[in-house]
Amino acid sequence: MEVRILDSWYKLRVAGVRDSVIIKLMNLCEEFEEIFLHDRVFYSEIMRFKDEDISKVLNSYKINLDFYREKMLDLNIETISIKEREYPLYLKNISHPPVFLYMKGRMAFYEKNIGVVGTRKMTSYGESACKGLVGDLVGAGVTITSGLATGIDVTAHKRALTLGGNTIAVVGSGLDVIYPPENKYEWERISKEGTLISEYPLGTPPDRYNFPRRNRIIVGLTRGVTVIESYKKGGSLITAKLAFEEGRDVFVIPGFPNYPSFEGNNNLIKDSYGKLITSGKDILEEYGWDGENKINIGIDIDAEEEMIYSALVVEKSLDELISETKVPIGKLLGLLTNLELKKLVRAVAGGKYRRV
């Protein structure tokens, strides 16, 4: 993967400038270098910055980012600021978007994106509901976003990957600190086949206060959030209420009356915070996504072509298709050409293919 060059704005993060101050500077200046066209008096009397903040801002100019760039390159981690065009648009529009994002993996952000959250202590019913819902969504090309915690989160990620779908994991530590350790395999798989995201610098431990904050990123990346299974109190309810406040849809799987692990779900429905659903198809119908990725019945397509088409539930490169389907490149190119002629698939930038 070709890692993007670390933007000069990152000097402010290294200097320890507070995010609220960085945002004000980004709104004031088009380029990082423009910060230093203003003096200490301007920042004190006009911008009303504290002396400590002003010193950090002005001292950031002499910071060298080579060490950080090399470290990011070694770990295949990209850092992006809210000033950059590539920053996810949905996330930019929440009330407190992260100023910097650390990302690893495919960096594939699509409009069709649903958050899936739930308890770490899931029941067999919750697990079944999660797998069924994710299967419905991935089959229509929907990205699954969650927090890579044990229980519902990791079940959602694993199901999406198993079905060849796109998944985004928003974590509460630096991207070089795997947490929880029992999800190491899924962490590493998502870093290759999906996308890992954190707002925390490398080396940041999984402090318990980080997780409620990362929930707003799950909300910000998605069109809506689904609560699979939740106790009366928990992170899933925090995420659901954040989504409600940000104007994102909240979908809720109903549970057994008076059953502890579904008390949170039932309360969300009772208090009108969420829409009751029984499967992922309800979400697809809500947005008119149902059936968008199905093969036209009237088109003649053989079994091998159907296999390639089915693999393209999300945009993929030739290498990804070869790895998944085990079809040799010469034959694969022929099948892709046939699908292009039938107007089912088209090539896109970056040597990738997607469904029409």
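The values are calculated or read from the model by the stated rules, or taken from the named source; none is laboratory data. Because the structure is predicted, anything quoted here is derived from the model rather than measured. Heads up, the Cβs are rebuilt from the backbone with ideal geometry, glycines too, and the neighbour counts pull from every protein chain shown.
Is it the case that region 190-201 has a residue that's under 24 Å from residue 265 (Cβ atoms), of a type in the set (Ser, Thr, Tyr) and in contact (Cβ under 8 Å) with a residue 24 or more places away in the chain? No, region 190-201 contains no residue that is under 24 Å from residue 265 (Cβ atoms), of a type in the set (Ser, Thr, Tyr) and in contact (Cβ under 8 Å) with a residue 24 or more places away in the chain. Looking across region 137-156, the residues that are crowded, with 24+ Cβ neighbours inside 10 Å and among the small types (Gly, Ala, Ser) come down to 146, 147, 156.
Each row is one residue, and each column tells you yes or no for (1) more than 30 Å from residue 222 (Cα to Cα); (2) exposed (fewer than 13 other Cβ atoms within 10 Å of the Cβ).
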{"residue": "11", "(1), (2)": "no, no"}
{"residue": "46", "(1), (2)": "yes, yes"}
{"residue": "54", "(1), (2)": "yes, no"}
{"residue": "61", "(1), (2)": "yes, no"}
{"residue": "102", "(1), (2)": "no, no"}
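Residue check: is residue 20 crowded, with 16+ Cβ neighbours inside 10 Å and closer than 16 Å to residue 100 by Cα? Taking the combined requirement at face value, the residue does not satisfy it. Among the numbered criteria (1) surrounded by 12 or more Cβ atoms within 10 Å (Cβ to Cβ); (2) charged (D, E, K, R); (3) in a loop (DSSP other than H, G, I, E, B), which one does residue 30 miss? Status for residue 30: all satisfied but (1). Condition check: in a loop (DSSP other than H, G, I, E, B) and either buried (at least 24 other Cβ atoms within 10 Å of the Cβ) or not assigned by TED's automatic domain parsing to the domain that holds residue 196 (or both). Does residue 165 satisfy that? For residue 165, the condition - in a loop (DSSP other than H, G, I, E, B) and either buried (at least 24 other Cβ atoms within 10 Å of the Cβ) or not assigned by TED's automatic domain parsing to the domain that holds residue 196 (or both) - is not met.
The criterion of at least 1 residues that are over 18 Å from the mean Cα position of the chain (by Cα) and hydrophobic (A, V, I, L, M, F, W, C) is met, among helices (runs of 4 or more DSSP H) falling completely within region 61-145, by 66-75, 124-138. Sub-9 Å Cβ pairs linking a first residue in region 95-112 that is free of Cβ contacts under 8 Å to residues at least 40 places away in the same chain to a second residue that is surrounded by fewer than 16 Cβ atoms within 10 Å (Cβ to Cβ) and β-branched (Val, Ile, Thr), at least 6 apart or interchain, number zero.
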